[in-house]
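What follows is a set of notes on a single structure, which appears directly below.
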Amino acid sequence: MKKFGFLVFMGLLATSCQFFETERISTETFYEEEVKAINWKDVDQYPTFPDCEEMTEKAEQKYCFEHTLTAHLYHTLSRRNITARQDLNDTIELDFTVDKSAQLFITNIAIDSLVIDQFPDLENWLYSSVDSLQPLAPAYKRGIPVRTTFRLPIVIATTDL
């Protein structure tokens with residue numbers, strides 16, 4: 001009986017090591033899984049202007065960033081004495097980028113030819129307005145500064161005074 005117990009003990013000892021083995025994951029596999037899990041279309045923190053520094057929620061950061069940019073564009077354009085020869089109601093698409101070093105610049109402006117005919121300097125005004133406003137910090141993804149692009153629609157509508 002002692003022999004049988006000894007054989008059972010030796011059999012368990014020989015096969016039990018496989019239960020304690022851990023599966024090893026290679027660094028390449030881990031990297032590939034992490035890259036697949038990242039949402040590359042979204043950032044963890046939006047670019048910030050000085051007025052938006054205290055915002056901690058992503059939705060608040062995004063709203064503050066867009067609101068600050070929109071308010072600045074409206075303010076700089078409203079200081080000009082802009083008059084149109086005919087009624088207009090159109091939308092301009094303004095594409096811009098905030099790079100890793102927090103530099104804000106326009107990448108594209110889609111303006112209808114009627115708007116250009118009414119306001120030939122509008123494109124220059126938009127460029128100078130955006131150039132005069134610089135964010136304090138870029139967007140961040142996992143703690144790393146990243147380049148972000150945005151599209152801002154600008155409604156051009158004439159009003160009767």
Length gained if ASP44 through TYR63 is fully extended, taking 0.36 nm per residue and subtracting the Cα-Cα distance, is 5.4 nm
With +1 at each Lys and Arg Cβ and -1 at each Asp and Glu Cβ, the charge dipole magnitude of the stretch 50-157 around its Cα centre, to the nearest 20 debye, comes out at 340
Quick calc: nm separation of the 7 Å Cα→Cβ label points for ASP90 and ARG142 -> 4.4
Neighbour-count ranking for THR148, THR159, THR76 (other C-beta within 10 angstrom, fewest to most) reads THR159, THR76, THR148
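In µm²/s, what is D for the stretch 66-161 at 4 °C and 1.567 mPa s, where D = kT/(6 pi eta Rh) by Stokes-Einstein and Rh is the Kirkwood radius from Cα pairs? Don't skip to the answer; put the middle values down first.
Values: Rh = 14.5 Å.
The calculation lands on 89 µm²/s.
Bear in mind that the values in this text are calculations on the coordinates, not laboratory data. Keep in mind the model is a prediction, meaning the values are calculated, not measured. Counting neighbours? That spans all protein chains shown, and the Cβs are built from the backbone with ideal geometry, glycine included.
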